[in-house]
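> First the structure, which I've put down as structure tokens, then a few questions once you've had a look.
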């Protein structure tokens with residue numbers, strides 16, 4: 001009787017662990033899929049804006065400046081949304097990982113995570129994704145500043161003429 005109840009308890013612990021592992025796997029996959037989509041969107045938008053930036057002494061049209069500024073502002077907003085999604089995804093991944101760690105003892109009779117050694121010299125992939133997001137934020141801000149300087153220069157040329 002006691003052995004049967006122990007088996008049921010172990011089976012229930014494994015089922016709980018399996019359910020939590022499913023949620024963890026889903027959140028991890030969703031996290032990286034979202035990151036990839038945002039990275040592609042940023043690369044495409046940034047490529048459009050940068051290849052159309054005015055270079056040289058030619059004065060760009062106001063329509064071109066407005067279009068590029070709108071693209072850069074959209075890029076900055078996209079970066080902010082990406083950062084929010086990275087934060088939210090990280091919270092859920094950490095939540096499910098903590099639950100996995102707490103259930104491991106009852107599911108397997110040992111702490112399977114205690115043997116994992118993480119080399120602190122290397123950054124985690126999640127930290128790198130945050131850095132890439134912040135890099136794009138900085139690039140968008142610099143692009144907006146550059147477009148503002150171009151617009152001011154164009155305005156000053158118009159006023160002087």
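The numbers here are math on the coordinates, done by the rules we state, and not lab data. As the structure is a computational prediction, the values presented were derived from the model and not from experiment. We place every Cβ from the backbone using ideal geometry, glycine too, and count neighbours over all the protein chains shown.
> Against the longest principal axis of the chain, how steep is helix 2-51, in degrees 0 to 90 to the nearest 10, with axes from Cα atoms?
Computed tilt is about 10 degrees.
> So, one more: Would you mind getting me the FRET efficiency between residue 146 and residue 40? Use the beta-carbon distance for r and R0 = 22 Å, nearest 0.05.
Numbers: r = 24 Å, r/R0 = 1.07.
FRET efficiency, residue 146 to residue 40: 0.40.
> When the helix-only estimate is applied to the chain (DSSP H runs of n ≥ 4, each -39,500 (n - 2.57), divided by the residue count), what is the mean residue ellipticity at 222 nm, nearest 500 deg cm²/dmol? Mind showing how you got there, number by number?
Details: 3 runs with 133 residues, N = 161.
Calculated from helices alone, the mean residue ellipticity at 222 nm is -30500 deg cm²/dmol.
> Percentage of Cα-Cα pair distances in the chain greater than 29 Å, rounded to whole percent?
Values: 5933 of 12880 pairs.
Result: 46 percent of Cα pairs exceed 29 Å.
> Give, in nm to one decimal, the length gained when the segment between residue 26 and residue 134 is fully stretched (0.36 nm per residue of separation minus the Cα-Cα distance).
On the way: separation 108, 0.36 × 108 = 38.88 nm, distance 2.51 nm.
That works out to 36.4 nm of additional length.
> Separate question: Which angle between 0 and 90 degrees, to the nearest 10, do you get for helix 62-108 versus the longest principal axis of the chain when only C-alpha atoms count?
Helix 62-108 sits roughly 10 degrees off the main axis of the chain.
> Only counting other Cβ atoms within 10 Å, I'd like 31, 66 sorted with the fewest neighbours first.
Numbers: 31 20, 66 12.
Fewest-to-most ranking of 31, 66: 66, 31.
> Restricting to Cα pairs below 8 Å that are 6+ residues apart, what does the relative contact order work out to for region 2-160? Please round to a whole percent.
Details: 91 pairs, mean separation 57.3, N = 159.
Computed over region 2-160, the figure is 36 percent.
> As I understand it, the value is the acute angle between the Cα axis of helix 125-160 and the longest principal axis of the Cα atoms of the chain; what does it come to in degrees, rounded to 10?
10
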